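First, the structure itself, so that you have it in front of you.
The values are calculated or read from the model by the stated rules, or taken from the named source; none is laboratory data. Small disclaimer: the values here were computed from a predicted structure and weren't measured. With ideal geometry, Cβ positions are generated from the backbone for all residues, glycine too; neighbour counts draw on all protein chains shown. Heads up: the accessible areas ignore ligands, DNA and RNA and are worked out on the full protein's heavy atoms, side chains in. Shrake-Rupley method; radii C 1.70, N 1.55, O 1.52, S 1.80 Å.
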Amino acid sequence: MRLQLLMPKEIKAVKANADVLAVLSECLANKGIVGEDVILTDENPDIIHAFGSWNAHVRSIIESSYKKHIPVVLSPLSGLQPWNMRSKAMGAREERQSVRLASAVHAFNKMELTKLQKLSWNNNVFLVRSCVTTNRVSAEEMTKGLFEQYRHIIELHDQQERDNIKARIEGAGCNDSAMKQIATILLYTHYHYVRGGIPQRLLYDLSQQLTGLNYNEDDFCALLVSLGIADFASSLFQVASEKSTLTEGFMPLPATDNKLTRQIREMITDY
């Protein structure tokens, strides 16, 4: 899992917040606690955990991540409690929008959870207690609780993207099973392109499907145009020919080497 922990310096200036970040970072780096490797990074994260409320940088990250289809967990850190809401009334509209765009909202205590549920700004609210402000949970328990939420949100988000892709293909009137399979991998690769990183394995999957499936190329090209990804597919085929086993004879339309191709080429990752 590639995870970005985002806590602006203004939020980190509060010792309790900084302590939570330090403990969480240390425990997540321990494979013995979470059961798998967690890479803390700002580059192509699978999910972002943003801390803080009424912060322009946090709002900006949530909004840009939403456009890139990257899930975000938001911990308001009690910033949406009534006593804070009254003093920040002028920015309530912007704050409400960023909370709504988050994939999930995390409460560190029961009082905060109740308030967030009553606000109804986001329907996906969960509780994982802080080991810094209470002795009811250990650092390991807090970390495991958050990690399980990260994993669940990533899986749910990925399934939603796949469901959206399926609906787009069906909406285009495609009934051919082979064309559906290839269109699915192309749209899923485009989804990763929007996110900013394309796993190398997707190029291999695409190559295998294009070389192993039988379909009408003219009909498939028409489908790509209908889906609005013909140019993307053409550029992707060029990169796939360089980085996988795909050859010109199995491309349904000619490969293109242009600016888009260079962007795709730079986004290929080995994870």
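Once you place label points 7 Å from the Cα toward the Cβ at Glu94 and His152, how far apart are they in nm?
Between Glu94 and His152, the simple spin-label model gives 3.2 nm.
Here's something else I'd like to know. With the full set of protein chains in place, find how many percent of the accessible area of the chain is carbon and sulfur; take the probe as 1.4 Å. Working shown, then result.
Details: 6450 of 13710 Å².
Carbon-and-sulfur percentage of accessible area, whole number: 47.
For segment 117-271, what Kirkwood radius comes out of the mean inverse Cα-Cα distance, in Å?
Numbers: mean 1/r = 0.0558 Å⁻¹.
Hydrodynamic radius (Kirkwood, Cα pairs) of segment 117-271 is 17.9 Å.
Right, something else. Please state, as a whole number in µm²/s, the translational diffusion coefficient that the Stokes-Einstein equation yields for segment 54-124 at 10 °C and 1.306 mPa s, with Rh defined as the Kirkwood radius across alpha carbon pairs.
It diffuses with D of about 130 µm²/s by this estimate.
Where does each of His69, His192 land when they are ordered by accessible area, with a 1.4 Å probe and the largest first? Walk me through the intermediate numbers first.
On the way: His69 70, His192 25 Å².
The ordering from most to least exposed comes out as His69, His192.
Let me ask another. Select from Ala107, Ala13, Ala255 the residue whose mean-square fluctuation is largest in a Gaussian network model of the chain (Cα-Cα springs shorter than 10 Å).
Most flexible of the set in this elastic network: Ala13.
Specify which residue in the list Gly91, Gln160, Trp54 is farthest towards the positive end of the charge dipole of segment 51-160, using unit charges on the beta carbon of Lys, Arg (+1) and Asp, Glu (-1), about the Cα centre.
Gly91
Kindly flag which residue pairs out of Lys9/Lys31; Lys15/Lys110; Lys68/Lys259; Lys15/Lys144 have an alpha-carbon separation exceeding 24 Å in this structure.
As for pairs spanning more than 24 Å Cα to Cα, those are Lys9/Lys31.
Taking one equal scatterer on every alpha-carbon of segment 99-167, how large is log10 of I(q)/I(0) by Debye at q = 0.12, 0.21, 0.26 1/Å?
Each listed q corresponds, in turn, to -0.39, -0.93, -1.13.
Report Rg(Cα)/(2.2 N^0.38 Å) for segment 9-87, keeping two decimals.
Compactness ratio reported: 1.22.
Then there is this: Could you state the orientation-averaged shadow area of the convex hull built on the Cα atoms of segment 218-271, in nm² to one decimal?
With the hull built on Cα positions only, its mean projection is 4.1 nm².
Send over a whole-number figure in Å² for the accessible area per residue of the chain, probe 1.4 Å.
So the chain comes to 51 Å² accessible per residue, rounded to a whole number.
Follow-up. Go through 211-218, 130-137 and give me the packing order, highest mean Cβ count within 10 Å leading.
Output ranking for 211-218, 130-137: 130-137, 211-218.
How big is segment 65-180 by the Kirkwood estimate over distinct Cα pairs, in Å?
Averaging 1/r across every pair of different Cα atoms and inverting gives 16.4 Å.
Work from the charge dipole of the chain (Cβ charges, +1 for Lys and Arg, -1 for Asp and Glu, about the Cα centre) and give the residue of Met111, Val72, Gln238 farthest towards its positive end.
Met111
Would you mind checking the radius of gyration and Dmax of the chain based on alpha-carbon positions, in Å?
Gyration radius and largest Cα-Cα distance of the chain: 21.8, 66 Å.
For Lys166 and Asn216, what does the FRET efficiency come to when R0 = 22 Å and r is the distance between their Cβ atoms, rounded to the nearest 0.05? Write out the running numbers ahead of the final one.
On the way: r = 21 Å, r/R0 = 0.94.
For Lys166 and Asn216, the calculated efficiency is 0.60.
Considering only Lys166, Lys144, Lys118, give the residue with the highest GNM mean-square fluctuation for the chain, with springs between Cα atoms whenever their separation is below 10 Å.
For the chain, modelled as a Gaussian network with Cα springs under 10 Å, the answer is Lys118.
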